[in-house]
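Before any comments, here is the structure.
The values are calculated or read from the model by the stated rules, or taken from the named source; none is laboratory data. The model shown is predicted, which means the values in this text are computed figures rather than measured ones. Here the Cβ positions follow ideal geometry from the backbone for every residue, glycine too, while neighbour counts run over all protein chains shown.
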Amino acid sequence: MRKSLFRFLSVFLFIFVAYFLAGTDVGAKEAGGHDLSKLFGEYDFNSTETTGVIVELEEKSLVQAKHFGQAQNQEKLSRTRKQVISEVIRKIPEAKVGREFDYLFSGFSLEIPEAEVLALLGVSGINAVYPDVCYAVPELEVEFLDEAEPSMQMSNPHVGAPEAWSMGYTGEGTVVAVIDTGVDYTHPELAHAFGDYKGYDFVDLDEDPMDGGYHGTHVAGTIAAMSFGIAPDAQMLAYRVLGPAGGTASQVIAGIEQAVMDGAGVMNLSLGNAINSPDYATSIALDWAMAEGVVAVTSSGNEGPAFWSVGSPGASRAAITVGSTALPQIDYRLAFYTSPGMDYPSLKVMGTPDYRDVLELDGKTFEFEYVGLGRVEEFASVDVRGKIALIQRGEISFAEKSQNAKDNGAVAAVIFNNTAGEINALGDFPLPTFQLTFEDGYKLYMELMNGNNSITVSAEADFYPEMLSDFSSRGPAFGTWMIKPDLVAPGDWILSTYPGGAYVYAGGTSMASPHVAAAALLVLQAHPEYTPEEVKAALMNNAERLMDPLTGDYYLHNEQGAGSLRIKEALVSETLVLPGSFSFGIFEKNKGKQVEGGKFEIKNLSAVD
């Protein structure tokens, strides 16, 4: 029996109808006989300063021609491009040609006096001219760990990665391209993901895409770090398009083209600029990458909370654009009571399997034992069954100390510092694990030495749900009124890899995008037959809509897209609705009744007809 279409109710299809208050004439404008509709960006036509532009040819790229069913070859395209370049140099002798493109995008980059930009529009064969804008390396607040404790805190379990792993989906057999500042491919967490060919450096023009900063390495860890990446078995390629001073749009396009040609199945671009246009050069390149079978994932930008703040390539029509959320937060109120007058103000939760495990300790009294550095041999001589284990920092990791306490029957572990100050570390731990400064830890140790071996625990907490990050850029996209972002993922204060074998917290939509790129790898492993549009639909259809806890209303679609990433649901879904979002564009209020149509498709993926 055919499945009821009421199943469609479980899938969110966002339809956005925009009412434009005042109509405008969008016909082509002319200046000096030139069609300015071919010109993107703002220019000072009186300036003699040099500016960078990207020229798009009327002659279609190899991929564009293929999808339009037209004959095209590299020799013909190269010949046409050389003819156009010759004419440009004849008209503008100062012009300096940079990169040339023919695979996804048809054109070349150029440096010319800004006053000569108009002259390009008079060259036969030119379809459009775009500013070759700079993509700056995002300035993110970062915080280093005192001790290298590989952990994604709650972001992996929150988006459903452990469930995917238990189903056998780890990214094996998939290839991901990280188009960024490069990647430290020697990092212990990432070396396994790289083969002999590691990608390409479009800044220094060589085949060594080593990270010149940290941004790309942090992104890469979220995707495929060996001990905590969402797709730890994926193969990785790195394309360095941003140097210490950033990079240009032409470098980004070069990275996109190379990633497609090198066989990536998914690409991540945690970068952007202020140009909110689906018709900008990098947006176009991503659209054709998707058409060629590569899932393109990009960050929405960090210019929120204003609407219309999404930038390119996040404004791409086809790519998956990702906004950022803050993970659920627990605000603990904790106290240990031993002797009258003793307090331990530095007491904090370092990690726990579930916050409710900490609350279960509230009001209960436990014996505690000192177990030195918490090594296996030290636990062998101390009975901690049903007790709290007091452990000093040092020699072995915090996670090992906590695991040893659990293995020996402790109900909780308290780790105190071995130097002045607090321990700056959080992580995933197998039982409630607390931290103290050296001073407070020593006070607790002396309580034990003075014959008081009991602790009464007070533990309360306030829970704050996942929330949209204030900085996350919002849609819609200019011109088309497309809904952006497409979905959101954790990006606010994410722990991941840092060059040199270190780990660091960082926040931004740059940190959210790789969660979705990694999820796309898992979906492709589970469903290798999926097209990029189907991968996008699977992730969007099964996202969880988020509610603003301050208003009690759902965030708007141009704030959260379809909602927050949920990997397991995307893997097991038996229904797809394509496209994942739907916009009817602009309706001008003063034109009376207007009718627009569109098509969407509901696919039944189950074995039941």
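Let's see how each residue does on (1) touching an Asp or Glu at 6+ places or on another chain (Cβ under 6 Å); (2) within 30 Å of Tyr332 (Cα to Cα):
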| site | (1), (2) |
| --- | --- |
| Thr433 | no, yes |
| Leu436 | no, yes |
| Leu444 | no, yes |
| Thr456 | no, yes |
| Tyr505 | yes, yes |
| Val523 | no, no |
| Ala526 | no, no |
| Thr531 | no, no |
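Do we find that Met482 is within 28 Å of the chain's Cα centre (by Cα) and of a type outside the set (Lys, Arg) in this structure?
Yes.
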Output for segment 575-602, where each listed residue is surrounded by fewer than 17 Cβ atoms within 10 Å (Cβ to Cβ), touching a residue at least 40 places away in the same chain (Cβ under 8 Å) and part of a loop (DSSP other than H, G, I, E, B): Phe600
Only one of Val358, Val457 is over 24 Å from Phe228 (Cβ atoms), touching a strand residue (DSSP E or B) at 6+ places or on another chain (Cβ under 8 Å) and outside the structural domain of Ser496 (by TED's automatic domain parsing). Can you tell me which? Val457
Determine, yes or no, whether Ala520 is aliphatic (A, V, I, L, M) and farther than 20 Å from Glu466 by Cβ. yes
Since Gly500 meets every condition but one in (1) modelled with pLDDT under 95; (2) at negative phi; (3) assigned by TED's automatic domain parsing to the domain that holds Gly323, which condition does it not meet? (2)
Residue under question is Thr365, and the condition is that it be modelled with pLDDT of 95 or more, surrounded by fewer than 22 Cβ atoms within 10 Å (Cβ to Cβ) and of a type in the set (Ser, Thr, Tyr); does it hold? yes
Would you mind telling me which numbered condition in (1) more than 20 Å from Val159 (Cβ to Cβ); (2) part of a loop (DSSP other than H, G, I, E, B) Pro549 fails? (1)
Looking at (1) in contact with a Pro (Cβ under 7 Å, 6 or more places away or on another chain); (2) surrounded by fewer than 22 Cβ atoms within 10 Å (Cβ to Cβ), which is the only condition Gly246 fails? (1)
Please specify each residue of segment 383-396 satisfying the condition of being more than 41 Å from the chain's Cα centre (by Cα) and surrounded by 15 or more Cβ atoms within 10 Å (Cβ to Cβ). Val384, Lys387
Is at least one residue of segment 265-274 within 18 Å of the chain's Cα centre (by Cα), part of a helix (DSSP H, G or I) and in the same structural domain as Ala193 (by TED's automatic domain parsing)? no
In segment 397-410, what residues are within 20 Å of Leu361 (Cα to Cα), surrounded by fewer than 22 Cβ atoms within 10 Å (Cβ to Cβ) and of a type in the set (A, V, I, L, M, F, W, C)? none
